[in-house]
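The values are calculated or read from the model by the stated rules, or taken from the named source; none is laboratory data. Note that the structure is predicted; figures quoted are calculated from it, not measured. Reconstructed Cβ throughout: ideal geometry from the backbone, glycine too, with neighbour counts over all protein chains shown.
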Protein chains: 2
Amino acid sequence: MPVYSVSNVEDLRICVVMVGLPARGKSLIATKIVRYLSWLSIKAKCFNVGTYRRLQTIHPSASFFEPDNTEGEKLRREAAVLATKDMIRWFEEENGVVGILDATNSTVERRNWILQICREEGLEPMFVESWCDDDEIIMHNIIEVKTRSPDYEGQDPEQSVRDFRERIRNYEKVYQTLDDESLTYCKIINVGAQVIINRIQTYMESRIVYFLTNLHIRPRAIWLSRHGESMFNLSGQIGGDSDLSPRGRMYAEQLPELVRQSVGDAPLTVWTSTLKRTQQTASKLPYPKLAWKALDELDSGVCDGMTYEEIEEQYPEDFKARDDNKYEYRYPGGESYRDLVIRLEPIIMQLERQENILIVTHQAVLRCIYAYFMNVSQDQSPWMEVPLHTLIKLTPRAYGTEVTRIKANIPAVSTFRQKGSSAKHDATPQTTAELHLSL
Amino acid sequence: MPVYSVSNVEDLRICVVMVGLPARGKSLIATKIVRYLSWLSIKAKCFNVGTYRRLQTIHPSASFFEPDNTEGEKLRREAAVLATKDMIRWFEEENGVVGILDATNSTVERRNWILQICREEGLEPMFVESWCDDDEIIMHNIIEVKTRSPDYEGQDPEQSVRDFRERIRNYEKVYQTLDDESLTYCKIINVGAQVIINRIQTYMESRIVYFLTNLHIRPRAIWLSRHGESMFNLSGQIGGDSDLSPRGRMYAEQLPELVRQSVGDAPLTVWTSTLKRTQQTASKLPYPKLAWKALDELDSGVCDGMTYEEIEEQYPEDFKARDDNKYEYRYPGGESYRDLVIRLEPIIMQLERQENILIVTHQAVLRCIYAYFMNVSQDQSPWMEVPLHTLIKLTPRAYGTEVTRIKANIPAVSTFRQKGSSAKHDATPQTTAELHLSL
């Protein structure tokens, strides 16, 4: 019997149809939905109509988007047809669950055309509109995002902005907001100041809506750190609840200054797990602290407290099975990375809503959180090297997340074991300068 | 460091202000919010203005509610003052987190008065409006709920309905729906067909909104069963991943017929944990099945696989500590009931949205799910007796949940140990007829 995540229990195929004028953050929203669902192992993909259009017309000018430009209208409709066909093929051939049609879809006529296709293909249509009349947000979007769009590649930025505003005006002439109460939709007004939810029927839709209502655009950052080196790290044992090693305690002493240099005077909250090594690591930090059971290390079940050498010896088949599929492998009586992601989902939801947070946690947990923000695949995330005694800063931006690493100059053992390598534990400390995040 | 649940990380006191005409399900919504938050260990309480009013006027007639009945208006305002004062005292003396003012609060004037109080007392106001123009729903509410209200105790039902409709008309004359965009509010239209969310700022508010959007009123039931008797049950060991005993297998054989008699031809989905004993128990059921890691038994950490006698011998202090506070006690390397509730929260959220579900799970998990639906306190829930080989049916109704127990006539050992009792395991099977749920 397969193990299911929070959001994957209905046998549905959902077509999310983005609606909104240009520069309303539609693609950003679509990208975030795909990242969130993919992280939860729900097959999701975005089909951007603009990309298909650009295959036909490299640098369209605003006049291309005029409602009475029949040639432009014909080409734009063809692009929509191509994107939709690809989406339907993806649903069928790759067992897609949530496909997103990313385009303005700004008229009732266009939306009815999509509804018709959904009906024919057995897809549940869910409209997501981003509606905004705040000029500041719109100009910010135009400058930050749109003038970097492939449509304006190599062109004068000022001219691009002018042209783009013209393009928006053309869409505005025919724009019709969502108001058909028979449809399933979520209308996000002024980046979430108000949200209208209509006829949300399924759990999957309600998860998407809940995710959308938690997104915010206030600037903030998330800091991640593993606990300092522990006594179990020294002996090469996994799991357990050991104290910090002397070098681990040095890291705890140094952490407040590392954090202060990166955070400055901004407010910060520290989250730890319930295990001693993370709480000891955070003990000197002068910020409010919360302990979460959900941040505890991946449960290694019967192997808890063993070294990799002992596991290889006592459970050779499990050791190999884990190497073959580390994401799915579940320790007997313990957890897999997939289990861990499900356990971390409420943490991610809360992180999306929060301001500045520092999380002091464990290797596997940190890999999963990092994978969410950096969109790392499930093949790769369990194998990421996350060194000890290193503070990682994640800054979410419009198109991706910036990473900064700040290393404490305190040596530590490496707890990283490469796929297929022997289980031999190396107790020689490495200075952090020798360690690199392989990202 | 205290361990926090999903929803308890901001240092806020929230005043939820219900808004809506009579018979719009306000009290039901308020009760559900309180039950949900209390289950998550978030201190929440409802202050029903009608209760305070009834202290003054036992059976008010509709004319009491006429807008120009100055005496009535005065008394209703006094009742609101008393409820609000009690709420403020509760916030201060009992460290309340979410207080709910349950009244019609149907005018801007009345709401401004509450806003003023919130400002003075440092409370975050959050309005929750139930708006409904579906006559069928309203009449259903009036007949099912309101004519059973203390206001109409001992009166002719038909006369009560007439009087109540008159009372609603009096409120309608002055009713003003929420539309002030500067307020934090959630407006539920026609029992969730549409929901408008405005200026939701904090995570706690977003949790309440998410909960509200998952509620539905379609009739359904939830069936609960422990796995059949396992080999570990026979030997008195806890945890582990053992197979069913011969009697447990008999229960698995009989379960389809028990379920069929209770469910009839209605559609059903079966949820199990990832452990063998629940999957073996469900193996003969002819319905779609899903396995959830979140439904696995409470993790007993270092005590996994031990008998209570062994735990008492090897960890006498832990054994006693668990008796003293079973809800908070966490097995070394394992979980507490509090941890379990946090792990189960997404399951509850999904249950609220779903139709008919049968959950085959474990003693502690079943206690927590049961505690949610039956509003059982944290003192009592870990001590509830949940016998083996018994199917429990929960039917949520407007004011509470109905319970039906269906016993398979297959004996099983009792795994129930009373507080303060010795750790002695009794391997004598009891017929289920001797067992009783102490609820």
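Applying the criterion of at least 1 residues that are touching a helix residue (DSSP H, G or I) at 6+ places or on another chain (Cβ under 7 Å) and over 23 Å from B:I200 (Cα atoms) to the helices (runs of 4 or more DSSP H) found wholly in region B:11-113 leaves B:49-56, B:70-93. Going by the structure shown, is A:V174 closer than 23 Å to A:R76 by Cα, modelled with pLDDT under 90 and assigned by TED's automatic domain parsing to the domain that holds A:M18? No, not satisfied.
Sub-9 Å Cβ pairs linking a first residue in region B:58-73 that is surrounded by fewer than 12 Cβ atoms within 10 Å (Cβ to Cβ) to a second residue that is charged (D, E, K, R), at least 6 apart or interchain, are B:I58/B:D151; B:I58/B:E153, ordered by first then second residue. Take B:L258 and decide whether it is surrounded by 18 or more Cβ atoms within 10 Å (Cβ to Cβ), aliphatic (A, V, I, L, M), more than 14 Å from chain A (Cβ to nearest Cβ) and touching a Leu at 6+ places or on another chain (Cβ under 8 Å). It is true that B:L258 is surrounded by 18 or more Cβ atoms within 10 Å (Cβ to Cβ), aliphatic (A, V, I, L, M), more than 14 Å from chain A (Cβ to nearest Cβ) and touching a Leu at 6+ places or on another chain (Cβ under 8 Å). Every listed requirement among (1) small (G, A, S); (2) under 25 Å from B:E345 (Cα atoms); (3) modelled with pLDDT of 95 or more is met by A:G228 save one, (2).
On the basis of being modelled with pLDDT under 90 and of a type outside the set (S, T, Y), does A:P246 make the cut? Judged against the criteria, A:P246 is not a match.
So that you can scan it fast, the table gives a plain yes or no per residue for (1) touching a Leu at 6+ places or on another chain (Cβ under 6 Å); (2) without any contact (Cβ under 8 Å) to a residue 24 or more places away in the chain:
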site: B:W271; (1), (2): yes, no
site: B:T278; (1), (2): no, no
site: B:K284; (1), (2): no, no
site: B:P288; (1), (2): no, yes
site: B:A291; (1), (2): no, yes
site: B:G301; (1), (2): no, no
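Here are the criteria: (1) part of a loop (DSSP other than H, G, I, E, B); (2) more than 14 Å from every other protein chain (Cβ to nearest Cβ); (3) more than 23 Å from B:I138 (Cα to Cα); (4) of a type in the set (S, T, Y). Tell me which single one B:S225 does not satisfy. With respect to (1) part of a loop (DSSP other than H, G, I, E, B); (2) more than 14 Å from every other protein chain (Cβ to nearest Cβ); (3) more than 23 Å from B:I138 (Cα to Cα); (4) of a type in the set (S, T, Y), B:S225 is out only on (1). Here's a check for you: in region B:195-205, which residue that is modelled with pLDDT of 90 or more and facing chain A (nearest Cβ under 7 Å) is farthest from B:Y185 (Cα to Cα)? Step by step, filter region B:195-205, then rank; the result is B:V195.
Looking across region A:346-361, the residues that are away from chain B (no Cβ under 12 Å) and buried (at least 22 other Cβ atoms within 10 Å of the Cβ) come down to A:L358, A:I359, A:T361. Within region B:143-155, the only residue that satisfies the criterion of being crowded, with 16+ Cβ neighbours inside 10 Å, closer than 24 Å to B:V16 by Cβ and more than 23 Å from the chain's Cα centre (by Cα) is B:D151.
Looking only at residues in region A:283-337 that are over 26 Å from the mean Cα position of the chain (by Cα) and among the hydrophobic types (A, V, I, L, M, F, W, C), the one that is farthest from the other protein chains (Cβ to nearest Cβ) is A:F319. Residues that are away from chain A (no Cβ under 14 Å) and closer than 25 Å to B:Q56 by Cα do occur in region B:174-188.
Residues that are out of contact with any strand residue (DSSP E or B) (no Cβ under 9 Å at 6 or more places or on another chain) and surrounded by fewer than 19 Cβ atoms within 10 Å (Cβ to Cβ) are absent from region B:13-26 altogether. If you go through region B:111-122 and pick out every residue that is charged (D, E, K, R) and crowded, with 19+ Cβ neighbours inside 10 Å, you end up with 1.
Here is a yes/no grid of residues against (1) surrounded by fewer than 18 Cβ atoms within 10 Å (Cβ to Cβ); (2) among the charged types (D, E, K, R); (3) assigned by TED's automatic domain parsing to the domain that holds A:N105:
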{"residue": "A:E158", "(1), (2), (3)": "yes, yes, yes"}
{"residue": "A:R199", "(1), (2), (3)": "yes, yes, yes"}
{"residue": "A:S235", "(1), (2), (3)": "yes, no, no"}
{"residue": "A:R249", "(1), (2), (3)": "no, yes, no"}
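For region B:170-180, the criterion of being closer than 19 Å to B:H140 by Cα, surrounded by fewer than 21 Cβ atoms within 10 Å (Cβ to Cβ) and among the charged types (D, E, K, R) is met by at least one residue. Each residue in region A:206-220 was checked for being aliphatic (A, V, I, L, M) and within 10 Å of chain B (Cβ to nearest Cβ), and 1 pass. Scanning region B:191-210 for residues that are touching a helix residue (DSSP H, G or I) at 6+ places or on another chain (Cβ under 7 Å) and assigned to a loop (DSSP other than H, G, I, E, B), we see that the one that is nearest to B:L28 (Cα to Cα) is B:V191.
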